[in-house]
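Note sheet for the following structure.
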Amino acid sequence: MRFTLYMACVSGLRCNPVLQSLYERLVAAGKPAKLALTACMRKLLTILNAMVKAGRPWSFTAATS
């Protein structure tokens, strides 16, 4: 499970503006890259959980609020 989440997050850092901005903000604040990646993994899980709970597909506007 962890490897799958890790790979989804690495892919998301290249394509998902929500995860990109979080990662860049944390690294700019001086956080280690591994910690920033773990925070992005948690954010991705939060987004996915909300999508399942609401029964809705991905929406950029919903993920940023």
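None of the figures in this text is laboratory data; all of them are computed from the coordinates on show. Everything numeric in this text was worked out from a predicted model, so none of it was measured. Cβ coordinates were reconstructed from backbone atoms using ideal geometry, including for glycine residues, and neighbour counts include every protein chain displayed.
Please give the calculated 222 nm ellipticity per residue for the chain, where each DSSP H segment of at least 4 residues contributes -39500 (n - 2.57) and the sum is spread over every residue; nearest 500 deg cm²/dmol?
-26000 deg cm²/dmol
Listed by chain and number, the lysines placed with their C-alpha closer than 23 angstrom to that of K53 are K43; residues fewer than eight positions away on the same chain are left out. Among V27, V18, V52, the largest mean-square fluctuation in a Gaussian network model of the chain (Cα springs under 10 Å) belongs to V52.
For the chain, relative contact order (Cα pairs under 8 Å, six or more residues apart, normalised by length) works out to 30 percent. Each 10 Å bin from zero holds the following percent of Cα-Cα pairs in the chain: 22, 53, 23, 2. Shown is the FRET efficiency for S59 and R14, computed with R0 = 25 Å from the Cβ-Cβ distance and rounded to the nearest 0.05: 0.80. Label positions at L5 and V52, each projected 7 Å from the Cα along the C-beta direction, are separated by 1.1 nm.
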